[in-house]
Amino acid sequence: MQLAHVIESFRADGKVAVVTGAGSGIGRASALALAGAGAIVVCADVDGQRAADTAAHIEASGGVGSSATVDVRHRSEVEALADRTKDDHGSLDVWCNIAGIMVEGPMVGTDEADLDRIIAVNLKGVHFGCQAAARIMTGQPAGGSIVNASSAAADAPSPNVSAYALCKAAVVQMTKSLAFEVGRRHVRVNAVAPGFVLTNMTGRYFVRPDGTVDEEMREAVLAPMRAHTPLRMIGEVEDIAAAVLYLASDASRFMTGQVLRPNGGVAMV
Ligand code: NAP
């Protein structure tokens, strides 16, 4: 690759991308980053209104975005999203499995319903997304790139997130298995494993029922995290979106089966 191409390769011009969980947090930031880099982005979320808001933001910024209401727990919905995207735009180049939920509590106290609930979204939802994207991408001469959301929770144990951590560890293994299967068809499969960033998922620890933020509680939660992070900072969703964009783009064309860890150094693997 020549130097000029190295710089260009960080863009995503003309690539057709699907981002699940695009209605909020990391998914939304990833959709915006991909669109800003020139991709045509289909913003998918179980909350169709929030997905539409992200797509509207993309369009208002001069990008190309559309939205879809999709529940990743249902394989038929995920498959239909992949097919519709390919039919509408002629290719499917990038698929980001970002949708996820949290279930908290100690492992010994986790009931079966909660376990099923988180596995359905964070594990099976990613599996369905990988299958649907790979089915289409392996049939394209140019292949494609799949990016999965794992977590620092998969790298380092922390209290009360055992069910979440098991799903995120499974995502890493899924990423490697699929990367091994589809590499010869030019399909790359990588994961991001973010450290804590503020989103609806994590912000609820200090958001009151009326939507206002309890600043004291916020600092009580964030200060020890900051202190235990080598970079002494709490990341932002854009820090994760940058990693997603890199893995989606041709800049990472020699990477597959890898986990990128934007986490401030909190877990070094
Ligand atoms: P978020 O702000 O809650 O965004 C997740 C989005 O996914 C929400 O819009 C959510 O909708 C949607 N979603 C939930 N279930 C879905 C389903 N069945 N089908 C389709 N969409 C669904 O969370 P986030 O913090 O950005 O997290 C995004 C991803 O990054 C997750 O996989 C998470 O595990 C991972 N992650 C986050 C952090 C962090 O610190 N924030 C760290 C490491 C990894 P609802 O709001 O209606 O549920």
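Quick notes on this structure:
- Distance from the alpha carbon centroid of segment 228-242 to that of segment 64-108 works out to 25 angstrom.
- Straight-distance candidates among the lysines for linking to residue 15, with alpha-carbon spacing under 25 Å and chain neighbours fewer than 8 residues away dropped: 86, 176.
- With a Förster radius of 25 Å applied to the C-beta separation of residue 140 and residue 75, the computed FRET efficiency comes to 0.75.
- Per-peptide average of other Cβ atoms within 10 Å, ordering 9-21, 209-221 highest first: 9-21, 209-221
- Normalised Debye scattering of the chain at q = 0.09 Å⁻¹ gives log10 I(q)/I(0) of -0.38, counting only Cα atoms as equal scatterers and leaving out solvent.
- Of all DSSP beta bridges in the chain, antiparallel share, percent nearest 5: 5 percent
- Computed accessible area, residue 225, all protein chains, 1.4 angstrom probe, square angstrom: 60 Å²
- Helices assigned as whole DSSP H runs in the chain whose Cα atoms extend at least 15 Å along their own long axis and whose mean Kyte-Doolittle hydropathy is 0.0 or higher are found at 25-36, 125-137, 162-182, 237-248.
- Length-normalised contact order for the chain - Cα pairs under 8 Å, 6+ apart - percent: 20 percent
The values are calculated or read from the model by the stated rules, or taken from the named source; none is laboratory data. Keep in mind the model is a prediction, meaning the values are calculated, not measured. Here Cβ is always computed from backbone atoms with ideal geometry, including for glycine, and neighbour counts include all displayed protein chains. The protein model used for the area step is the full one, side chains on, heavy atoms only, and it has no ligands, DNA or RNA in it. Shrake-Rupley method; radii C 1.70, N 1.55, O 1.52, S 1.80 Å.
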